[in-house]
Each structure stands twice: as structure tokens, then as C-alpha cells.
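Asks: Here you go, one structure.
Nothing in this text is a laboratory measurement; each read-out follows from the coordinates by a stated rule. As the structure is a prediction and not an experimental result, all values here were calculated from the model. Methodologically, a virtual Cβ is constructed for each residue, glycine included, from the backbone with ideal geometry; neighbour enumeration extends over all protein chains shown.
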Amino acid sequence: MTTHPPQQQSRPVGHTPTPPRPAERPSRTVGPLLIVSTVAVGLMAGLFFAFNVSVMPGLNHTDERTFATAMQNFNSEIDGNGLFGLVFTGALLAAGAATVIEYRRGRRAVALWAGLATVLYLVVLLVTFTVNIPLNNELADLGNPAKAHDFSVIDKFKTTWESTNILRTLLNTAALGCMAQAVRLNGRAQAMLHGH
């Protein structure tokens, strides 16, 4: 009696594996993550916007010593504020976690918008750590503005710092729009699942 080896079923040329089907069970984690990230990104956008339209224009009408003193105080308060640190980093962590979870669950539309928000916010962090924070540190190194004589760093604030802060505001606002779309799509998907 002859035995034949099992034949492997051939796949047609150009066949690509089908993407995973979206998970049928609603996630209890993604919704809160999206909400937390949306609120955090919105708070950061509001903070940067406030500097653009009120803080910096107001300081530009003061003398250099007043400008330096005020900015040093602003930076000191923000650096030592735990709530700010939580919002600043939490926006990225929550958006990134939601992106990964939704991608693995096969919900690519939500993952796409949350992922775009994550990338935009990463650019905000990059600008902050490479431009704004070094300028803040340079201003802190000025020491007591009442005893300082070289205020050249103020010119950098009125040009570079303000320009990059406008960029951060725009990027944060775009990230906020992406997160809002992710929340909307997630809510619609949840409603459809519960409807079935």
C-alpha cells in the first residue's frame, strides 16, 4: 500500500493575508484612555494659546528686567507643578496606549486618528525639549534680573521662543482634532456593537 505525502494547498499568486477582523467585544479601556488624552491635549493647547494671546504680548510692553523676572517665575511654577507634569506626559501616554490597543484589536480607523494625535504631540515634545526648555534654562542662568546687565536672551524669547510656541499651539490643536475624531469613531463603533 503506497502512501502519498499530504499536498499543500497552493495560494494564488499575489495573495495577501486578510487583515484581522475588528474585535466584537467593546473595550473598557480604550474609551477612558481616549477621553483622558483628549482632555490633556486640550489643556496643553489652551496653555500654549494663552501664552500666545495674552502672556507674551503683555510682557512685550514691559522693560527687560520685568520680562525676565516674570518669565523666570512662570517657568519655576510650571517646573515644580506635579499636575502640569501629569497632564504634559499623560497626554502622550494615554494616546499612545489607545493607539496600540485599537490597532491590535483591528480597529484601524480609531488607531489611525489616535496615532496621528500621538505623532503630532511627539513633535510638540521635541520642539519643547530642543528649543523652549533650553531657552528657559538660559533665562534662569541670568540670575537675579535686578542685578543683570546682559539681556540678549530676551531677544531670543521675543523671536524664537514665541515662534515655536505658536507652532506648539498649532500642533496641539491639530492633535486635539485628531483625538476628537478618534473619540467620535470609537463611540460610534461602541453604539453599533451594543445595538447588535
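Asks: Please work out which one of (1) in a helix (DSSP H, G or I); (2) on the phi > 0 side of the Ramachandran plot is the condition Phe74 fails and give its number.
Replies: (2)
Asks: Can you pull out the residues in the range 137-176 that are under 21 Å from Ala45 (Cβ atoms), in contact (Cβ under 8 Å) with a residue 60 or more places away in the chain and small (Gly, Ala, Ser)?
Replies: Within the range 137-176, just Ala175 meets the criteria.
Asks: Taking Thr128 as meeting all but one of (1) β-branched (Val, Ile, Thr); (2) surrounded by 11 or more Cβ atoms within 10 Å (Cβ to Cβ); (3) free of Cβ contacts under 8 Å to residues at least 40 places away in the same chain, write down the number of the exception.
Replies: All conditions are met except number (3).
Asks: Based on this model, can you work out whether Leu33 counts as touching a residue at least 24 places away in the same chain (Cβ under 8 Å), touching a helix residue (DSSP H, G or I) at 6+ places or on another chain (Cβ under 6 Å) and surrounded by fewer than 18 Cβ atoms within 10 Å (Cβ to Cβ)?
Replies: When the stated conditions are applied, Leu33 does not pass them.
Asks: Could you say whether any residue in the range 154-172 is small (Gly, Ala, Ser), part of a helix (DSSP H, G or I) and under 19 Å from the mean Cα position of the chain (by Cα)?
Replies: Scanning the range 154-172, I find at least one residue that is small (Gly, Ala, Ser), part of a helix (DSSP H, G or I) and under 19 Å from the mean Cα position of the chain (by Cα), so the answer is yes.
Asks: Moving on. Can you name every residue in the range 50-69 that is under 17 Å from Asn165 (Cα atoms) and free of Cβ contacts under 8 Å to residues at least 24 places away in the same chain?
Replies: Selection gives Ala50, Val53, Ser54, Val55, Pro57, Gly58, Leu59.
Asks: Tell me which of these Arg104 doesn't satisfy, since it passes every other one: (1) among the basic types (Lys, Arg); (2) surrounded by fewer than 18 Cβ atoms within 10 Å (Cβ to Cβ); (3) over 22 Å from the mean Cα position of the chain (by Cα).
Replies: (3)
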